[in-house]
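What follows is a single structure, written as structure tokens, with notes after it.
Every number here is computed from the coordinates shown, using simple stated rules; none is lab data. Note that the structure is predicted; figures quoted are calculated from it, not measured. Methodologically, a virtual Cβ is constructed for each residue, glycine included, from the backbone with ideal geometry; neighbour enumeration extends over all protein chains shown.
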Protein chains: 2
Amino acid sequence: MAYEMKFEALAAPTRRAVYEKLRAGPASVGALAEGMPVSRPAVSQHLKVLKDAGLVSETRQGVKRIYALDRGGLEELRDYFDRFWTDALDAYQRSLEKSDA
Amino acid sequence: MAYEMKFEALAAPTRRAVYEKLRAGPASVGALAEGMPVSRPAVSQHLKVLKDAGLVSETRQGVKRIYALDRGGLEELRDYFDRFWTDALDAYQRSLEKSDA
DNA sequence: TCATTTCGTAAGCCATGGCTTACGTATAGC
DNA sequence: GCTATACGTAAGCCATGGCTTACGAAATGA
């Protein structure tokens, strides 16, 4: 569940497209594959990677499998960049103080 | 400068390690390569990708090249996840209201 | 001018991974 | 039990890309 996996998961364009489709709300594999330039198994494989990375969750609904955004995983990525942002500002501040001296 | 390139840039573990090293402040290529398990040219190639993605900036200092975090690029990624976060909450809220009806 | 330092680039190797087709599996309906 | 639906998985193909070594280029110092 480390953020490393999340980066690699979101790196592939097609996989990121699948992920972004879920932003509108939960959907089945077939619904997600519809209109995409790749096959349904390809979408299924991408969903597995996203799920293993903790970015999406899966629930059964009859013969369908409904995938949805995992908000916990999303929050982890948001926090990662927030920390990065804070650190970058601190480093910048230190460099200014050092050049002032 | 789209965020697509930034994801792919941060996907490779070694390249992300280079990027995270810059969090402590600007550094030369040689300094960044020191202590890393890959060669200096490898680090140089990674820096080129990061620069093309708008994640780092480069300045000349004598015979050295100093790389630093590009805060604008970082901000773009932070905003991306902030928007995503907001959208995900909205979608979740809508799904609750729908199930209430 | 010549040597040294620091770095980018070219060429090539090889593992990774994204995609396809084919097939197996579980649920729902009759 | 049989069929259809919706999906995951296996096998295999092939482009992508990360790494190495070798080399070239630009700035510094003597």
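Just to be sure, is A:A88 closer than 22 Å to A:A12 by Cβ and small (G, A, S)?
For A:A88, the condition - closer than 22 Å to A:A12 by Cβ and small (G, A, S) - is not met.
Of the residues A:R65, A:R71, A:R60, which single one is among the basic types (K, R) and either touching a Pro at 6+ places or on another chain (Cβ under 6 Å) or within 12 Å of chain B (Cβ to nearest Cβ) (or both)?
None of the other options fit; the residue is A:R71.
Determine which member of the set A:A27, A:A91, A:A68 is away from DNA strand C (no atom under 11 Å from the Cβ), in contact with a strand residue (DSSP E or B) (Cβ under 9 Å, 6 or more places away or on another chain) and under 22 Å from B:Y19 (Cα atoms). First the steps, then the outcome.
On the way: A:A27 fails: under 22 Å from B:Y19 (Cα atoms); A:A68 fails: under 22 Å from B:Y19 (Cα atoms).
On inspection, the qualifying residue turns out to be A:A91.
Quick one: would you say B:L50 is more than 9 Å from DNA strand D (Cβ to nearest atom), surrounded by 19 or more Cβ atoms within 10 Å (Cβ to Cβ) and free of Cβ contacts under 8 Å to residues at least 40 places away in the same chain? Don't jump to the end; show me each part of the working.
Working: more than 9 Å from DNA strand D (Cβ to nearest atom): yes; surrounded by 19 or more Cβ atoms within 10 Å (Cβ to Cβ): yes; free of Cβ contacts under 8 Å to residues at least 40 places away in the same chain: no.
No: the conditions fail for B:L50.
Could you check the stretch B:15-37 and list, in sequence order, the residues that are over 23 Å from A:L89 (Cα atoms) and surrounded by 14 or more Cβ atoms within 10 Å (Cβ to Cβ)?
B:A33, B:M36
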